[in-house]
Amino acid sequence: MKKNTKLIYLSLLSALGIVLGLFESLIPLPVAIPGARLGLSNIVVLVTIVAIGYKEGFFVAIFKTILLGLVTGAVSSLFFSMGGAILSSISMIMAYKFLRKHLSLIGISEIGSFFHNFGQVLVASFIMKTTAILAYLPILVILGIFTGFFVGLTSMFIVDNTNISK
């Protein structure tokens, strides 16, 4: 892929991630659980990892997390989101690199979902200076099973039906 074409794709994917994140913030969840989200913008990260590359997927994850935090004004939650984004993108990159013969994008997304929740709780534990917050992780993981499935299924559909590739 040419450098300019790649830059255009990365810009569009980052913008799409921000738009999906903004849209997601407008959707009320049926349960009031702090930190629980649908993770729609993670579709963009997974598609970028698969279709363009590992470095690019990591870049999109970090870039969209920072911009989304600034655009929504949720700067205080930026640390939690960043911890989740870093662990999630690294885990999805590693899973895709080493396990793609054994896992579908749904499985890779589930791994990313778990590590995103783990990263958020880890940052919260560090900021609050207590490990008691780790008791909150099972609730987030259970919700993450459903969101991870949807993100993986949607990513699979996009990768299978577009012609962007490494």
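Tally up the carbon and sulfur contribution to the accessible surface of the chain as a whole percent, 1.4 Å probe, everything protein left in place.
Percent of accessible area from carbon and sulfur atoms in the chain: 74.
Report P(r) for region 73-166: all Cα-Cα distances, bin width 5 Å, range 0 to the bin holding the largest distance, values in whole percent.
Final binned percentages: 3, 14, 19, 22, 18, 11, 8, 3, 1, 0.
So with the 1.4 Å probe, I'd like the accessible area per residue for the chain, rounded to whole Å².
Details: 9260 Å² over 166 residues.
About 56 Å² of surface per residue is accessible.
Enumerate the calculated ³J(HN,Hα) couplings along region 76-83 in order (Karplus 6.51 cos²θ - 1.76 cosθ + 1.60, θ = phi - 60°), each rounded to whole Hz, writing x wherever the residue is Gly or Pro.
Residue by residue, region 76-83 yields 5, 8, 4, 5, 5, 5, 5, x Hz.
At what distance in nm do the modelled label points of Ala74 and Lys97 sit from each other, each positioned 7 Å from its Cα along Cα→Cβ?
Placing both labels 7 Å along Cα→Cβ, they lie 2.9 nm apart.
The values are calculated or read from the model by the stated rules, or taken from the named source; none is laboratory data. Predicted, not measured: the structure shown is a model, and the values here were computed from it. Virtual Cβ from ideal backbone geometry, glycine too; neighbours counted across all protein chains shown. Note: accessible area is taken over every heavy atom of the protein model, side chains too, but ligands, DNA and RNA are not part of it. Shrake-Rupley method; radii C 1.70, N 1.55, O 1.52, S 1.80 Å.
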